[in-house]
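Worksheet: the structure to be examined is printed underneath.
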Amino acid sequence: MKLSEYTKLALLKPRTLSVSKKKVIEEQVAILEKNKIIPPKSAALVCKAVLKREALGSTGIGQGVALPHVKFKGVKKISFVFTNSERGVEFNSLDGEPVNIIFLLIGPEKAGEEYIKALSLLARNLNDPYFRRALASAKTGKEVLDILKKVGQ
């Protein structure tokens, strides 16, 4: 699968103004709710689940990137929301640096191998500095989608 198959234009929101991990996650979950990726009226529970996962160990993987992720009951398919921050967001990253690129991945509660593959695909592509630079400079969701369509499997 390609990264672009796990998202759609409405889930790609460059230029968040949120400055805290919690606020960015709330913003991303609101996008999931608006696009009916999560069950109706479950945004608060999804946020709580993502933050609980973060408490186990930060998903700030370094190099300005965070990959918060969670499986949640009632989610029908694996999807991700993208946002970036010019200011940077404190995510307790492995390298101690703020993050600028945030992908929130969500999947069905019973998601198995495909969920791990999607997370690995994101992480692998985010190791590429050119890919990160392109995402960080994207000004529109369409630019982000075009970038995602170009990357390999």
Item to check | Percent of beta bridges antiparallel (DSSP, the chain, rounded to nearest 5) | outcome: 50
Next on the checklist: Test of understanding: ordering Ser18, Ser85 by Cβ neighbours within 10 Å, fewest first, what list do you get?
Outcome noted: Ser18, Ser85
Checklist entry - Quick one: Ile25, Ile61, fewest Cβ neighbours within 10 Å first, how do they rank? => result Ile61, Ile25
Checklist entry - Could you give the dipole magnitude of segment 3-150 about its Cα centre, charging the beta-carbon of Lys and Arg +1 and that of Asp and Glu -1, in debye to the nearest 20? => result 500
Item to check | Label corresponding to mean projected area of the Cα convex hull in nm² when calculated from the structure given, among (i) 12.6; (ii) 13.9; (iii) 7.8 | outcome: (iii)
Checklist entry - Can you list the HN-Hα couplings for segment 56-62, worked out from phi with the Karplus curve (6.51, -1.76, 1.60; θ = phi - 60°), rounded to whole Hz and with x for Gly and Pro? => result 6, x, 4, 9, x, 8, x
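Report the relative contact order of segment 3-150, percent, no decimals, based on alpha-carbon pairs under 8 angstrom and at least 6 residues apart.
On the way: 264 pairs, mean separation 44.3, N = 148.
Result for segment 3-150 is 30 percent.
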Next on the checklist: Explain nothing, just compute: Karplus ³J(HN,Hα) = 6.51 cos²θ - 1.76 cosθ + 1.60, θ = phi - 60°, for every residue of segment 65-77 in order, whole Hz, x for Gly and Pro.
Outcome noted: 10, 10, 10, x, 8, 7, 9, 8, 4, x, 7, 8, 8
Item to check | For Ile38, residues with placed amide H under 5 Å, excluding near neighbours | outcome: Glu33
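Sum -39500 (n - 2.57) across every DSSP H segment of at least 4 residues in the chain, then divide by the residue count to get the 222 nm mean residue ellipticity, nearest 500. Write out the running numbers ahead of the final one.
Values: 5 runs with 61 residues, N = 153.
Result for the chain: -12500 deg cm²/dmol, rounded to the nearest 500.
Restricting attention to segment 89-153, which GluC sites (Glu not before Pro) occupy a DSSP loop and are surrounded by at most 14 other Cβ atoms within 10 Å?
Details: sites: Glu90, Glu109, Glu113, Glu114, Glu143; in loops: Glu109.
Passing sites in segment 89-153 are Glu109.
FYI, it's all coordinate maths here, none of it is from the lab. Keep in mind that this is a model prediction, so the values were computed, not measured. Every residue, glycine among them, receives a Cβ derived from its backbone with ideal geometry; neighbour counts consider all protein chains shown.
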